[in-house]
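Here the structure comes first, spelled out in structure tokens, and everything after it is commentary.
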Amino acid sequence: MLFGSRDSFAIESMTEPHLRAPSQVWGRMRIWCEGTEIGDYSYEHCGLFNAYAGFRELRELLAWNWMSEFNGLSDEDLWDFLDGALFGCHGDVELHDSRTVDECRADWVRYGKFSFLTNWGEQFDKNGKSFIVCRPDGVVRILNRSLGNSSGFSSEVPLGEAIEVIKKFIDWFLSENTRLAGIPQN
């Protein structure tokens, strides 16, 4: 299933065709950002629940996913800022980090909502790190950098379009979850 447009923003997912109830939702998934994909769609039998939970949470907070301290930062500077605050790195390079464990936890509470796709499923494990923000003008920015090199990209999508794509994926996941639980659908 493709929700959205590959040329703008889309979530592509499928349930493994051989699954029968009772089962969890196992399948494949990738995200499309202006024609660039994040996720390994050939990776079979990925658990899709973490992605569902991540998108469910993101749908609720995306419109407010900005902080004034981001004003004036380039995409690369913003990516480095969030990578440093959340992971203590800039890409593959570990930063000298004198923060205490409590300070690291506080930064995760403050900035964790900007992490995108990290720990959302095996299909995203080899695509570096991604962050997602929504500027005050209603434009969602997705920032990604691959590990092992400094290549990356940023893309943008209007907030309303992103929310609609996310909603369609969530509805699909809930339908698949119900089907695979063996619960009769009306």
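Computed values, structure above
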quantity: 13 Å Cα-Cα reach of Lys168 towards aspartates and glutamates, excluding residues that sit fewer than 8 places from it in its own chain; calculated: Glu12, Glu176
quantity: Proximal lysines relative to Lys113, as straight alpha-carbon distance under 19 Å, when same-chain residues fewer than 8 apart are discounted; calculated: Lys129, Lys167
quantity: Sparsely packed trypsin sites (Lys or Arg not before Pro) within region 1-70, loop by DSSP, other Cβ within 10 Å at most 10; calculated: Arg20
quantity: Rounded tilt (10° steps) of 75-87 against the dominant C-alpha axis of the chain; calculated: 80 degrees
quantity: Relative contact order for region 28-85, counting Cα pairs under 8 Å that sit 6 or more residues apart, in percent; calculated: 21 percent
quantity: Normalised contact order of the chain, rounded percent, pairs of Cα under 8 Å and 6 or more residues apart; calculated: 25 percent
quantity: Gyration tensor (alpha-carbon) shape descriptor, region 74-152, a/c threshold 1.5; calculated: rounded
quantity: Accessible area of Leu73 in the full protein assembly, 1.4 Å probe (Å², nearest 10); calculated: 70 Å²
quantity: Sparse-neighbourhood loop sites, chymotrypsin sites (Phe, Trp or Tyr not before Pro) in region 123-175 - DSSP loop, at most 11 other Cβ within 10 angstrom; calculated: none
quantity: CD proxy at 222 nm, helix term only [per DSSP H run n ≥ 4: -39500 (n - 2.57); per residue of the chain; nearest 500]; calculated: -10500 deg cm²/dmol
quantity: Rounded to the nearest 10 Å², the accessible area of Asp80 at probe 1.4 Å; calculated: 30 Å²
quantity: Anisotropy class of region 18-67 from Cα gyration tensor, a/c 1.5 cut; calculated: oblate
quantity: Residue (of Ala53, Ser5, Thr15) at the positive-pole extreme of the chain, dipole from beta-carbon charges; calculated: Thr15
quantity: Distance cut-off 22 Å, percentage of C-alpha pairs in the chain lying past it; calculated: 48 percent
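The values are calculated or read from the model by the stated rules, or taken from the named source; none is laboratory data. Just so it is clear, the model here is predicted, and its values are computed rather than measured. We place every Cβ from the backbone using ideal geometry, glycine too, and count neighbours over all the protein chains shown. Ligands, DNA and RNA are stripped out before the accessible areas are found, and what is left, the full protein with its side chains, is counted by its heavy atoms. Shrake-Rupley method; radii C 1.70, N 1.55, O 1.52, S 1.80 Å.
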